[in-house]
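Working notes, structure below.
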Amino acid sequence: MTDTLKLALDYIERYPERYLFPIKAGSKFPPLIKNNLEDASNDPAQLTQWAKKHPGCNWGLAHAKSNVLVVDVDTKPGKEGEATFDGLDLIYGFPPTEENRSPSGGRHLVYEGRHIFALGKNGFGLDIDSPNYSLVPGSIVGGVAYTSVKAIPAAPAPPWFYDVLGKAKERLADAGEAAIELDQPANVEWAVDFLIEDAEPAIEGSGGDLQTCKIAMNLRDRGISEPLAYELMAEHYNPRCEPPWDADDLRKKVGNGYSYANQSKAGGKTAEADFAGEEIDISIIPTQGEPDVIAEEAQARAKPKRPTVKILPGLLHDAMDATQAILIKQAERQTNRNGGSTIADQIFQRSGHLVRLNRNLHLKRKGGRLVPVDTRVVDGVVVDAQYQEAKALTIREISAPWLTTRLGRSIEYVGPSAGKPGKKPNLKPKDVPPNLVKQLIGDETQWQFPPLFAIIEAPTLRADGSVLSEPGYDPASGMFFHPGSTTFPKINPNPSSAEGRAALRFIDDELLSSFPFQDAEGYEGVSRSVALAMLLTAPVRRVLPTAPAFAADSNEPESGKSELLKVGVALMTGREIAGHPFSENEEERRKAIGTAFSEGRPALLFDNVTSVIEGPSLEMALTMPVFEDRKLGSHEGLSAPTNTLMLFSANHLSVGGNGMSTRILASRIVPTKPLAKRFADGDFRHENLIGWVIENRPRLIAAVLTALRAFILHGPKDVKPTSRFPEWSRLIGNALVWYGYPDPVRGGDAVRRDDPVKEAQREIVREWRAIFGYEPVTAAMIKGRVEMRELIAPNLKERTRVDEISSKQTTGYVGRLVGVGLDLPYMVQRIPETSTRRDVIRWRLVPTGSPDDFGDDDPELETLLYGARETKLDHASKISRRFVSNAER
């Protein structure tokens, strides 16, 4: 076999700016390296290594990487390439340039300039291509070599090339527009069943490339969008391929199938036609879906051999162990060989349950078939009854029917059959044993499945600050990273402080520059800092045990408050989230929160809240790392991590109670002109901000992690937390202070200042002092005054008329005021009693703080405390003792 290394070395010596890759000897395809167009090289050492590994290989020129555009004119008999070329030359003119000739006589005109891939009538015209690569002179196909016919320098590609190709691309885009709305539930249902039941898997060495493209074409013809096709094939088709495709390879196959389906007909060019002038008979690859034919083929082909598990009397535990070992091994193979892109069939344990990952396609099983669920549109987002958007990645508890199907598809169970007396029984196939399924689901002490802490859809940081960027299951954190169809850049683990500042500035400029933040005097910049804190928290929320909720507040609709919060979620998921209604009923709030945690949702947005934000379930959700409750519709317990980003938007934000006012940080947005005027004046850096975030999400995620990693490496290590969320404060709050922003924790000051519950309490206590002074009072005395009843009645949990307030209700409400600090110079204190009868329980007001805080404004209290002859200074240390003594008397 001819040594072709010298051919490659001579070529790059003459053209040092061009890049080559090896191709099968004597042929135009296939390339002999993965990612051939991206990984082509002009390094002599690399070319030498390839030549040694593939003796006699041909060499392909990667056009885009080499910054060349090659005009490939097909001149074979019956082809119209020469006529098309002459017509273009007459109208526009082809500049003289470097030219090569193929063994079949085809012309390859090489021009310097940006490469655009185009075929035939969808490019320059009939039988003229602009392929992704071509073979260099000296390569041999069919015993005949490619030759150089004009060894002159390549001319710059003339501007008319790009005009013609650009118009062709526009026509192609128009031709490729969907005739129907894409991703309709009924079509998605067909696609899932087709991929699971009928689609023939790709087998290495048996036309796997073409088979995969064939499947993608079928999905396209059935109205499935390209991104969803990739996700469906990754989950429901790829695990059955031998071996499964790597994530990038599968993405390319699907993309090729979709691209060429717009251009090809039966007998035209294949989806593998990256090369120039190659003809392949693709009559076996229809561009129109033929599911019936494929279904018949699926029934006829032999089923792949499954691993075997024996079911023997008294040895169910052995069968359980063997079953788990097989399932775990299969999951590891899928994760390692498919880059973690395959989530179907993998099993985890979480909070005492076996769970799986699920992509919500708005479908459900009914009568053995997948049918669409009821949906609605909320703020332009299609959601199901649980306000979950399509394609959301969630955690689902494994059911017995699902596990039975899963085991039956992956494992062959065999057991002894009744044989003849005196003879050893034979092992025969059996159905999946129901008692094994029940035992596997119910006995968590025997589980070997990995624990699942959270799902993420973008790179993040681990608890130790290291970067988690490899798709699949991460044992160190218990998180499963599923990037879907998004490719993220490599995250620099050791950025400089300057790189960190530049990254944070990029986030601030691109995402926040269009929001008109407004702060009270003395709080300048706090709203912007809170918004940045939310954006930095979003990609790492899963790893933080607890974190504050974030709110966007405004004085009017269409201010952008909901959009600001949705940006944070789009960073996490690459999707727009729908807002969830905030119920005034504590039970309904508890259900919504519990569902979000149990399903592992990344975020929960309560949008356009009109009531007071309060409640014990919210308080627990924000300060406890684990949410404990009971499952909806059962007495079974629910336990799940609370690492979900909690968000609220409101006009005139109202947060109630001591608990919530320290758990939420607010940004205030106050536009100075109507939304239409802001659009007309070009006030928005990105008119469709959510769309821009989704499109540029890889860059934005890299910027967030760069900013945080730079702080971890170069920021101070001994700064104490400033909030009740220590891990969040150390990472997010302290980072923003280090970068020069106000402490975002100050975003809670406005919440506390505007707390309606505390304001109501302050009003009641002020009225108390005006009526009773500092004398002991009972519940009967309090409810006996209409002024007090009118103030207390609206604040009772149960609706009560002013004239019907009972002593029990009064006692209960006043009891909640005891010891509460209200930024007043006095507070409510219960007086110790020897009797426990409610009608003799007494309270009084007692001073708080220094005597100087209240004496000048309250002469009555000053006289009561100090008398006429004594000074404040003499008695400052006796305040508490004096009041306790008076109470005891």
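Could you list, in sequence order, all residues of segment 569-617 that are touching a residue at least 60 places away in the same chain (Cβ under 8 Å) and over 30 Å from Gly691 (Cβ atoms)?
Ser598, Val612, Glu614
Among residues belonging to segment 540-569 that are within 20 Å of Gly748 (Cβ to Cβ) and among the polar types (S, T, N, Q), point out the one that is nearest to the chain's Cα centre (by Cα).
Thr546
So Asp508 ticks every box in (1) under 21 Å from the mean Cα position of the chain (by Cα); (2) outside the structural domain of Asn734 (by TED's automatic domain parsing) but one. Which box is left unticked?
Single failed check for Asp508: (2).
For segment 446-474, enumerate the residues that are within 21 Å of Glu695 (Cβ to Cβ) and in a loop (DSSP other than H, G, I, E, B). Break it down stepwise before answering.
Initial filter on segment 446-474 (within 21 Å of Glu695 (Cβ to Cβ)): 456-460, 469, 471.
Answer for segment 446-474, where residues must be within 21 Å of Glu695 (Cβ to Cβ) and in a loop (DSSP other than H, G, I, E, B): Glu457, Ala458, Pro459, Ser469, Pro471.
Going by the conditions given, is Gly574 closer than 30 Å to Thr487 by Cβ and crowded, with 24+ Cβ neighbours inside 10 Å? Step through it out loud before you land on a result.
Working: closer than 30 Å to Thr487 by Cβ: yes; crowded, with 24+ Cβ neighbours inside 10 Å: no.
For Gly574, the condition - closer than 30 Å to Thr487 by Cβ and crowded, with 24+ Cβ neighbours inside 10 Å - is not met.
Just checking, does segment 456-465 include any residue being of a type in the set (A, V, I, L, M), over 26 Å from Met624 (Cα atoms) and at pLDDT 95 or above? Quick ask: steps written out before the conclusion?
The initial filter retains those residues of segment 456-465 that are of a type in the set (A, V, I, L, M), namely 456, 458, 461, 463.
Filter once more, keeping what is over 26 Å from Met624 (Cα atoms): none.
Looking through segment 456-465, none of the residues is of a type in the set (A, V, I, L, M), over 26 Å from Met624 (Cα atoms) and at pLDDT 95 or above.
Do we find a residue being outside any helix (DSSP H, G or I), among the hydroxyl-bearing types (Ser, Thr, Tyr) and modelled with pLDDT of 80 or more anywhere in segment 801-824? Steps first, answer last, please.
Taking segment 801-824 as the starting set, the residues that turn out to be outside any helix (DSSP H, G or I) are 801, 805-806, 816-824.
Filter again for among the hydroxyl-bearing types (Ser, Thr, Tyr), leaving 806.
Restricting the remaining residues to those that are modelled with pLDDT of 80 or more gives 806.
Looking for residues that are outside any helix (DSSP H, G or I), among the hydroxyl-bearing types (Ser, Thr, Tyr) and modelled with pLDDT of 80 or more, one finds at least one in segment 801-824, hence yes.
Looking at Ser514, Ser477, can you tell me which residue is assigned to a loop (DSSP other than H, G, I, E, B), touching a Phe, Trp or Tyr at 6+ places or on another chain (Cβ under 7 Å) and not assigned by TED's automatic domain parsing to the domain that holds Thr706?
On the way: Ser514 fails: not assigned by TED's automatic domain parsing to the domain that holds Thr706.
Checking each option against the conditions leaves just Ser477.
Having 2 or more residues that are out of contact with any Phe, Trp or Tyr (no Cβ under 6 Å at 6 or more places or on another chain), at pLDDT below 75 and over 26 Å from Val309 (Cα atoms) is the bar; report the strands (runs of 3 or more DSSP E) wholly within segment 339-427 that clear it.
Working: elements: 348-350, 353-359, 363-366, 369-372, 376-378, 381-383, 393-397, 412-416.
Per the criteria, 363-366, 369-372.
With the requirement that a residue be surrounded by 12 or more Cβ atoms within 10 Å (Cβ to Cβ) and not in a helix (DSSP H, G or I), what does segment 688-717 give you? Let's see the steps before the verdict.
First, the residues of segment 688-717 that are surrounded by 12 or more Cβ atoms within 10 Å (Cβ to Cβ): 689-715.
Selection gives Asn696, Gly715.
Determine, yes or no, whether Phe648 is in contact with a helix residue (DSSP H, G or I) (Cβ under 9 Å, 6 or more places away or on another chain) and not basic (Lys, Arg). Let's see the steps before the verdict.
Values: in contact with a helix residue (DSSP H, G or I) (Cβ under 9 Å, 6 or more places away or on another chain): yes; not basic (Lys, Arg): yes.
Yes: the conditions hold for Phe648.
Can you run down the residue pairs with Cβ atoms below 9 Å, 6 or more apart or on separate chains, where the first is in segment 119-132 and more than 12 Å from Glu80 (Cα to Cα) and part of a helix (DSSP H, G or I) and the partner is modelled with pLDDT under 85 and polar (S, T, N, Q)?
Every condition considered, the pairs that remain are Asn122/Asn262; Asn122/Gln263.
Output the residues belonging to segment 51-87 that are more than 11 Å from Leu126 (Cα to Cα) and hydrophobic (A, V, I, L, M, F, W, C).
Ala51, Cys57, Trp59, Leu61, Ala62, Ala64, Val68, Leu69, Val70, Val71
Which of the residues that make up segment 728-749 are assigned to a loop (DSSP other than H, G, I, E, B) and either in contact (Cβ under 8 Å) with a residue 60 or more places away in the chain or among the acidic types (Asp, Glu) (or both)? It would help to see each step written out before you state the result.
Initial filter on segment 728-749 (assigned to a loop (DSSP other than H, G, I, E, B)): 739-743.
Listed by number, the residues that qualify are Tyr739, Tyr741, Pro742, Asp743.
If you take the residues of segment 605-629 that are of a type in the set (Ser, Thr, Tyr) and in contact with a helix residue (DSSP H, G or I) (Cβ under 9 Å, 6 or more places away or on another chain), which of them is farthest from Gln386 (Cα to Cα)?
Here is the first cut: in segment 605-629, the residues of a type in the set (Ser, Thr, Tyr) are 610-611, 617, 623.
From what's left, in contact with a helix residue (DSSP H, G or I) (Cβ under 9 Å, 6 or more places away or on another chain): 617, 623.
Details: Ser617: 18, Thr623: 24 Å.
It comes out as Thr623.
Six or more apart or on different chains, Cβ atoms under 8 Å: show the pairs whose first residue is in segment 42-58 and at positive phi and whose second is of a type in the set (A, V, I, L, M).
Listed by first residue and then by second, the contacts come to Gly56/Met1; Gly56/Ala25.
Find the residue count for segment 45-61, including only residues that are surrounded by 20 or more Cβ atoms within 10 Å (Cβ to Cβ), outside any helix (DSSP H, G or I) and of a type outside the set (S, T, N, Q).
Going through segment 45-61 one residue at a time, the tally reaches 4.
I want to confirm something. Restricting to segment 26-44 and keeping residues that are part of a loop (DSSP other than H, G, I, E, B) and at pLDDT 90 or above, which single residue is surrounded by the fewest Cβ atoms within 10 Å (Cβ to Cβ)? Steps first, please.
Quick first cut of segment 26-44, residues part of a loop (DSSP other than H, G, I, E, B) only: 26-30, 32-35, 40, 42-43.
The next check asks that each one be at pLDDT 90 or above; those that pass are 40, 42-43.
Numbers: Ala40: 25, Asn42: 20, Asp43: 11.
Step by step, filter segment 26-44, then rank; the result is Asp43.
Filter segment 789-800 down to residues that are at pLDDT 75 or above and within 45 Å of the chain's Cα centre (by Cα) and give me whichever is surrounded by the fewest Cβ atoms within 10 Å (Cβ to Cβ). If you could, list the steps in order and put the result at the bottom.
The first filter runs over segment 789-800 and keeps only residues at pLDDT 75 or above, leaving 789-796, 800.
Next, only the ones that are within 45 Å of the chain's Cα centre (by Cα) stay: 794-796.
Values: Pro794: 10, Asn795: 15, Leu796: 13.
Step by step, filter segment 789-800, then rank; the result is Pro794.
Answer yes or no as to whether Lys783 is in contact (Cβ under 8 Å) with a residue 40 or more places away in the chain, more than 20 Å from Leu535 (Cα to Cα) and crowded, with 17+ Cβ neighbours inside 10 Å. Quick ask: steps written out before the conclusion?
Details: in contact (Cβ under 8 Å) with a residue 40 or more places away in the chain: no; more than 20 Å from Leu535 (Cα to Cα): yes; crowded, with 17+ Cβ neighbours inside 10 Å: yes.
In short, no.
The values are calculated or read from the model by the stated rules, or taken from the named source; none is laboratory data. What you are looking at is a predicted structure, and each value in this text was computed from that prediction instead of being measured. Glycine gets a Cβ as well: all are built from the backbone with ideal geometry, and neighbour counts include every protein chain shown.
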